[in-house]
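Worksheet: the structure to be examined is printed underneath.
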Amino acid sequence: MARGSTRPTSRDVAQAAGVSQAAVSLVLGDKWRGRVSETTAERVREAARALGYRPNLAARNLRLGRTRTVLLVVPALTTEFFAGVYTGAARVAARHGFGVVLYPSPEGVGPARDPFASAQAALDGVIASSMAADALTAIRGDQLPLVMLDSDPEGSLGAATVNLDIRDGVRQVAEHLLGLGHRRFLHLAADIPSWTFGVRARELTARLEAVPGASLTTAAAPISIEGALTAAEAALAGPDRAGRPTAVVCDDDKLAAGAYKAARRLGLRVPEDVSVTGLDDLALATALDPELTTVRLDAELFGERGMAALLAVLEGRTPQEGDIPVELVVRGSTAPPRA
């Protein structure tokens, strides 16, 4: 090793292995097959291990014109769901020498300013939630290799889309509540113009329209406990108790928490007087009393699949197809309606 050096270099590895620096680059870059022998490749790897050599990724990336940095664009971090998405994406990225920069839209689901002087120069690609589409446009992320999460596959801006099987989740909720005997439903819907929430509304409507005697009322609310409280209280407080919904299907666990509060304000018990379901299975779901029946979404797997899809796009491969399965978790917030 060169005197005074604080870390070994490729030249040190080349000298220790008795090969050229070019051969070291080929072997450690996994491009040696057909160009150097297996014996030589092993000698280089052994020399690198013995010296504790690690390639200088920053310098290599400058030569290649790549930063090995990916931007994950999500709505404001108001729940742990998107933290889980980040964890999954970062785990896969790290295995491939990439880093993930998390960019929560400051305005939640609205526009955002570009956090980079030039996103195209600073990033190799973008993974973005459809709920943060305005932020994506602001940072010009749609001009980079792009994977969209929870997005319409037919109209996506991205080179690939990764979706949770939200439609099946709503189907599971509807079948569970119908099986308990419910026929009067309130849909507490997220007041966000996003494809994923449109899927929830359409699937619930279709499921209930197929059942004779079933009725559906919709109340829109921002994704907040207070917003959901206001909307649910108004929808459940009608004078006709005989026509009041017996089941509240919520687009999100936070909306379900608001529905709980609304029920209690009105003197209604969950689930004896009204059943409530959520969607996400956040930590909040088991903090509520009774614990919430909800649809479990695997946020970390969602992030893993998103990052794997972006790597496939960058390498010219076809990403894995098929929606990510979801699971109904039945807890104490649902029961048969009163006779």
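The values are calculated or read from the model by the stated rules, or taken from the named source; none is laboratory data. Since we're looking at a predicted model, the values are computed, not measured. No Cβ is skipped: glycine too gets one built from the backbone with ideal geometry, and neighbour counts run over all protein chains shown. Heavy atoms of the whole protein, side chains included, go into the accessibility calculation; ligands, DNA and RNA do not. Shrake-Rupley method; radii C 1.70, N 1.55, O 1.52, S 1.80 Å.
Numerical summary
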quantity	calculated
Checklist (1) crowded, with 16+ Cβ neighbours inside 10 Å; (2) at pLDDT 95 or above applied to THR218, failing item	(1)
Looking only at region 253-267, and only at residues there that are of a type outside the set (Lys, Arg) and open to solvent by 10 Å² or more (accessible area, probe 1.4 Å), the one that is nearest to ALA228 (Cα to Cα)	LEU266
GLU272 vs. criteria open to solvent by 30 Å² or more (accessible area, probe 1.4 Å), assigned to a loop (DSSP other than H, G, I, E, B), acidic (Asp, Glu) and modelled with pLDDT of 95 or more	yes
Condition met for PHE185 (in the same structural domain as LEU282 (by the TED database), at pLDDT below 95 and under 31 Å from the mean Cα position of the chain (by Cα))	no
Answer from ASP168, ASP191 - the residue that is open to solvent by 10 Å² or more (accessible area, probe 1.4 Å), more than 24 Å from ARG269 (Cβ to Cβ) and in contact (Cβ under 8 Å) with a residue 40 or more places away in the chain	ASP168
